[in-house]
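What follows is a single structure, written as structure tokens, with notes after it.
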Amino acid sequence: MAAAPVIAALPTVVAAASRLPPGYLHTSGSQIVDAAGRPVRIASVGWNQHFGDVPATVNAIAASGFNTIRVSWDDADLAADRVLLAHIVAAATRSGLKVIIDHHNDEGFTNPRDGYGAQQRNGLWFDRGPGTNDTNGAGVPGTVSAARFEADWLTIAQVFAGNPTVIGFDLDNEPTANGHITWGGGGPTDIHAMYQTVGDAIQRIDPGVLIIAEGPQNYRTSFAHRGPAPVGDLTVAGSMPVVLTIPDHVVYSVHDYPTGISNFRPDSGPAAIAQMNRVWGYLVTGHIAPVWIGEMGSSMKTANDRAWAATLLGYMNGQDGAEGGPVFTAGQQPVPGDWWAWGYLPGQAPDGTLNAAGGLRRSQYRVWQQLLPIDPARQPG
């Protein structure tokens, strides 16, 4: 169990200014907005380990300036995960934070072949039945059918229905082209259909939550047949959007890491900007839908890491309009993001927001503080 640090060096006014307003959120064009229609920015951090003191850990996250926590569950550990999620949500409510809940995999933390559950090897949101070989792709027999996947999500939705601390459900973590996924066309691996079916079912239980649809990671081509989409293939989400019964609640998502983690280039500079424009940025520049960078992170130890961060944060914050990137007018908020991950994670990549003494790693803080909401009073008129 990791001890929760005491974050005392940051001014409380910074943390308070980043808070999201009470209540649920929805979307308006490419902005996420509050109940009054005011743009907000989700500045979240991933929760990736067991902490001995949940309330103290949540308090430390709040003191650092993040306004939301992204927390995972898996089907194999649903009962235990429900208990942990309830503790985190209760602590977040007391600390003024919001929570996004993410389905991470089916069978839990299995073995090195799937990074101990970091990314389900078969690339799908289920691992049993039509569309699969009845395993999770990492040698573990599958137990989760598409029907069970939906039923387990509805169990989560029922637990938190009506609780606006929980603002979003990230339906599946890092689906990949390994699963022969399609975006439309029908069939068991049509992820577009899954997002609509499961999203509608969740809305019948909890109509307030955002439904987060990740683009499948595709290292070979894209649904638009215009080059690879390694961060998540949203190339046809504009022409074939996820449409739910209750509108204005869909947020799309991609995950973006430097080459040292993603093993993919380009990760910085003009070529990376052009790729973002093609894969997901057009949804923002065209005022079609919001995109949340649902995972991003780096140990920030190399020049390549710094170049990646400068490119991605510059793009998210509207500095690349001349190269076709998004720009934001007065009153709008930049692209939201989630830093991976909270804690001290030596030997991992990324290695966590905290150092061995429990303080913030300054090299990472200098990057993720750029994810915090923009004060409307300081925006250009």
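The values are calculated or read from the model by the stated rules, or taken from the named source; none is laboratory data. On a predicted model such as this, the values are computed, not experimentally measured, just so you know. Cβ: placed from backbone, ideal geometry, glycine included. Neighbour counts: every protein chain shown. Only protein heavy atoms, including side chains, enter the accessible area calculation; ligands, DNA and RNA are left aside. Shrake-Rupley method; radii C 1.70, N 1.55, O 1.52, S 1.80 Å.
Data table
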| item | result |
| --- | --- |
| Per principal axis, descending, Cα span of the stretch 193-336 in whole Å | 48, 38, 29 |
| Computed Kirkwood radius, in angstrom, where 1/r is averaged over Cα pairs of the stretch 67-213 | 15.4 Å |
| At 0.890 mPa s and 25 °C, Stokes D of the stretch 25-99 from Kirkwood alpha-carbon radius, µm² per second | 182 µm²/s |
| Using distinct alpha-carbon pairs, which all enter the 1/r mean, Kirkwood radius of the stretch 146-216 in Å | 12.6 Å |
| Separation of alpha-carbon centers, the stretch 108-139 and the stretch 319-381, rounded to whole Å | 31 Å |
| Per residue solvent-accessible surface (Å²) - the chain, probe of 1.4 Å | 38 Å² |
| Alpha carbon convex hull of the stretch 271-332, volume per residue in cubic angstrom | 97 Å³ |
| Calculated FRET value between A17 and D248, using beta carbons and R₀ = 22 Å, to 0.05 | 0.25 |
| Among (1) 16.9; (2) 18.0; (3) 18.9, the entry that matches mean projected area of the Cα convex hull in nm² as calculated here | (1) |
| Burial ranking of peptide ranges 308-316, 83-91 (average Cβ count within 10 Å, highest at the top) | 308-316, 83-91 |
